[in-house]
Amino acid sequence: MSGVGGSGPDGRVSGASTVRNGDEGGGMSGASPYRLVGARPEPGFEVRVDGRPVPVVPGQTVGAALHAAGIRTWRTTRFGDRRRGLFCGIGVCFDCLVTVNGVENLRACLTEARPGDEVTTS
């Protein structure tokens, strides 16, 4: 068998991919990803954002739920009142700050939405 990365001291070929037991999906657990085709998420729920309901799919962040609901901006800057919402989406910037259940200055892109959350924007 020839490989991409050459062979190591134990004779194994590094960098080569192998298919075992018909697992063409390359999944780490040995299960084919084709089994997930019929997967369905758990039932959705709602959070309240400034008093109005916003639907959430389990596992979504507050920022993703707001974006999916069509809410693109929810705060303004201290200087110049420029509108802000999701910018980087990975927690590097602080454009998406919200208050969740009384805890201020949380990044919406990193905060997972949970049933019953009360989100306040500024």
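The values are calculated or read from the model by the stated rules, or taken from the named source; none is laboratory data. Source: prediction; values computed, not measured. Note that each Cβ is placed from the backbone with ideal geometry, even for glycine, and that neighbours are counted across all protein chains shown.
Assorted remarks:
- Taken over the range 83-110, the criterion of being out of contact with any strand residue (DSSP E or B) (no Cβ under 6 Å at 6 or more places or on another chain) and either surrounded by fewer than 17 Cβ atoms within 10 Å (Cβ to Cβ) or among the polar types (S, T, N, Q) (or both) is satisfied by F87, C88, I90, V92, C93, F94, G102, V103, E104, L110.
- Selection count where residues are outside any strand (DSSP E or B), of a type outside the set (A, V, I, L, M) and under 15 Å from D50 (Cα atoms), scope the range 68-89: 2
- Test: residue in the range 44-51 that is in contact with a Phe, Trp or Tyr (Cβ under 9 Å, 6 or more places away or on another chain), surrounded by 10 or more Cβ atoms within 10 Å (Cβ to Cβ), in a loop (DSSP other than H, G, I, E, B) and modelled with pLDDT of 90 or more: yes
- Unmet requirement for Q60, which otherwise passes all of (1) surrounded by 12 or more Cβ atoms within 10 Å (Cβ to Cβ); (2) in contact with a Gly (Cβ under 8 Å, 6 or more places away or on another chain); (3) modelled with pLDDT of 90 or more: (2)
- The C-beta contact set for the range 101-122 (first residue of a type outside the set (S, T, N, Q), second residue loosely packed, with under 10 Cβ neighbours inside 10 Å and at pLDDT 95 or above, distance under 6 angstrom, 6+ apart or interchain) is empty.
- Selection count, the range 44-53, where residues are free of Cβ contacts under 8 Å to residues at least 40 places away in the same chain and under 21 Å from D95 (Cβ atoms): 0
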